[in-house]
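Chemist: Here you go, one structure.
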Amino acid sequence: MKLNQLNLDNSFQKLGDDFFSEVIPTPLEESFIIAISSKACELINLDESEISTPEFIDAISAKNPHSEFCYLAMLYAGHQFGHLVPQLGDGRAVLLTQIRNEKNESWDLVLKGSGLTPYSRMGDGKAVLRSSIREFLVSESMFHLGIPTSRALCLIGSKDVAARDALEPAAQIIRLAKSHIRFGSFEVFFYRKQSEKIKILADYAIEQNFPQLVNHEKKYQLFLTEIVSSTAKMIAKWQAFGFCHGVMNTDNMSILGITFDYGPFGFLDEYNPDHICNSSDYSGRYSFANQPRVGFWNLHALAISLSSLIEPQNQQEILETYQEIFLEEYHSLMAQKLGFLESNDEVKRLTYDLLDLLEKQKTDYTFFFRNLAKFKIDEIEKFEIDAAFKSWLKNYNRLLKKFERVDEIRVGAMNKINPKFILRNYLLQKAIEKAVWENDFSEIKKLQKIMEFPFEEQIENEDYAKIPPAWAKKIKISCSS
């Protein structure tokens, strides 16, 4: 479809200006399209060719505002590194419109890097090219890995600049999600003691995203139950794939249990549960190992914000399901990564013994699991490894035989859950340097294509699956990233 044929459904705007501020984005100088996700275009029934037209670029950048777009910055609060900030809001993002597709799904179209909004505080409202490249690529990479995520429609470059430590090229992305309501969207009204606003927002969220609950007498309890479950499963996937979010503030947590607000994210290279991917996280609050606990902490903060709708005892009962859901999902994923059909006590012990070994040996997480599929039953002696790993392999070999996981079946199954290609920070860094210093966007497009098929062999792209070079350890990613 063309832009003017899309079914626009600006339902969030109907809630009223207590929930947002209307603001027209600030157009970038000489903006142009760098990359497009054809799969994301399909979500809103938009012709991919439409994105590169002047009409589309002018509408989303507000150089020529679209008469039916809503252009609003959403209000929310949040606990940042555990400390309440009573008002945040979209400081560099604008909800352009909501589109209802042919499946009757509503998708938010958000411009990130919009320029100043009433919630920008000390910021300039701009996004720089390096962070926009990172978010565009990781959004699509996570989707193809099977991890719940917001999507990226397109990456937009410009001749404009933004001042950070130095002047950098300014850029924008268009982000898609079925909702941009966050835990912090409820917190802002809880701490303002505006319970009526909490009910309005909850009713709206249920109607839009959980319609099966609309007429249920316990709809608010079930609403929280859905959020707890989807969040637990999402974080279990993070842990299984070695993904670190970096800034799990409550304003960065979606009610849909999707990963979004990407900043200083990273995938594990060497397995280190204490890995901190955010150089701004001085206390290690958001370390890899802490992510499941922080997820629970954030859900508890959300539950408190819903206390006018859900009794404390019911909140507690719902929150208590988190650990069981998380562990069940995590153990299931890890069992599959090892080639088993399901988890049990023996497989769990095997998993944790392996993780201890990987940590002690400083082994690359993704590389190890991908190559474990090459192991053949009763061929332990062919592996040139130390005694500790050989002992683990003997136990692994025993369980494979016990549960009849023959090589012919197991190898294919393992290669469908253990990616060969992940979006490592050093790969992103190379793409960023080419784009920023050489005005060469070819590496962005190449990474985008490679990450669409993370489980395929892609022999021609073998170099992108290698263990990172030594210099990769020096890469520092902060909240400004």
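The values are calculated or read from the model by the stated rules, or taken from the named source; none is laboratory data. What you are looking at is a predicted structure, and each value in this text was computed from that prediction instead of being measured. As a convention, Cβ positions derive from the backbone with ideal geometry for all residues, glycine included, and neighbour counts pool all protein chains shown.
Chemist: May I ask you to list the residues in region 288-310 that are within 21 Å of S230 (Cα to Cα) and in a loop (DSSP other than H, G, I, E, B)? So that I can check it myself, show each step before the final result.
Modeler: So in region 288-310, the residues within 21 Å of S230 (Cα to Cα) come out as 288-307, 309-310.
Listed by number, the residues that qualify are F288, A289, N290, L306, S307, L309, I310.
Chemist: If you don't mind, there's one more thing I want to ask. Which of the residues spanning region 178-206 are free of Cβ contacts under 8 Å to residues at least 60 places away in the same chain and of a type in the set (D, E, K, R)?
Modeler: K193, E196, D203 - these are the residues of region 178-206 that are free of Cβ contacts under 8 Å to residues at least 60 places away in the same chain and of a type in the set (D, E, K, R).
Chemist: Continuing with the same structure: Would you point out the residue of region 95-116, among those that are of a type in the set (S, T, Y) and part of a strand (DSSP E or B), that is nearest to L201 (Cα to Cα)?
Modeler: Looking only at region 95-116, we keep the residues that are of a type in the set (S, T, Y), and these are 97, 106, 114.
Pick out the ones that are also part of a strand (DSSP E or B) and you get 97, 106.
On the way: T97: 18, S106: 16 Å.
Filtering region 95-116 for residues that are of a type in the set (S, T, Y) and part of a strand (DSSP E or B), the one nearest to L201 (Cα to Cα) comes out as S106.
Chemist: Here are some residues: L357, L302. Which one is under 21 Å from the mean Cα position of the chain (by Cα) and at pLDDT 95 or above? Reasoning before the result, please.
Modeler: On the way: L357 fails: under 21 Å from the mean Cα position of the chain (by Cα).
Just a single option satisfies the conditions, and that option is L302.
Chemist: Is there a residue in region 167-177 that is closer than 29 Å to L84 by Cβ, surrounded by fewer than 23 Cβ atoms within 10 Å (Cβ to Cβ), under 15 Å from the mean Cα position of the chain (by Cα) and touching a residue at least 60 places away in the same chain (Cβ under 8 Å)? Please lay out each step first, then the result.
Modeler: Let us first name the residues in region 167-177 that are closer than 29 Å to L84 by Cβ, namely 173, 175, 177.
If we keep only those that are surrounded by fewer than 23 Cβ atoms within 10 Å (Cβ to Cβ) too, we end up with 177.
Applying the additional criterion that residues be under 15 Å from the mean Cα position of the chain (by Cα) yields 177.
If we keep only those that are touching a residue at least 60 places away in the same chain (Cβ under 8 Å) too, we end up with 177.
Yes, that holds for at least one residue.
One line per residue, one yes/no per condition, for (1) among the hydroxyl-bearing types (S, T, Y); (2) at pLDDT 95 or above; (3) surrounded by fewer than 20 Cβ atoms within 10 Å (Cβ to Cβ):
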site: R410; (1), (2), (3): no, yes, no
site: A431; (1), (2), (3): no, yes, no
site: E452; (1), (2), (3): no, yes, yes
site: E457; (1), (2), (3): no, yes, yes
site: D463; (1), (2), (3): no, yes, yes
site: S478; (1), (2), (3): yes, no, yes
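Chemist: Also, quick follow-up: Are there any helices (runs of 4 or more DSSP H) wholly within region 389-481 with 1 or more residues that are more than 27 Å from the chain's Cα centre (by Cα), and if so which? If you could, list the steps in order and put the result at the bottom.
Modeler: On the way: elements: 407-414, 425-438, 442-451.
Per the criteria, 407-414, 425-438.
Chemist: Count, please, the residues in region 211-263 that happen to be part of a loop (DSSP other than H, G, I, E, B) and touching a Pro at 6+ places or on another chain (Cβ under 7 Å).
Modeler: First pass over region 211-263, keeping only residues part of a loop (DSSP other than H, G, I, E, B): 214-218, 242, 245-249, 253, 255-258, 260-263.
Still in the running and touching a Pro at 6+ places or on another chain (Cβ under 7 Å): 246-247, 257-258.
Number of matching residues: 4.
Chemist: Return the residues of region 338-378 that are buried (at least 18 other Cβ atoms within 10 Å of the Cβ), more than 22 Å from K420 (Cα to Cα) and free of Cβ contacts under 8 Å to residues at least 24 places away in the same chain; say none if nothing qualifies.
Modeler: S343
Chemist: Then there is this: So D378 fits all but one of (1) modelled with pLDDT of 95 or more; (2) part of a loop (DSSP other than H, G, I, E, B); what number is the exception?
Modeler: Just one mismatch for D378, condition (1).
Chemist: Hey, can you tell me all the residues within region 12-46 that are among the charged types (D, E, K, R), at pLDDT below 95 and touching a helix residue (DSSP H, G or I) at 6+ places or on another chain (Cβ under 7 Å)?
Modeler: Scanning region 12-46 gives no hits.
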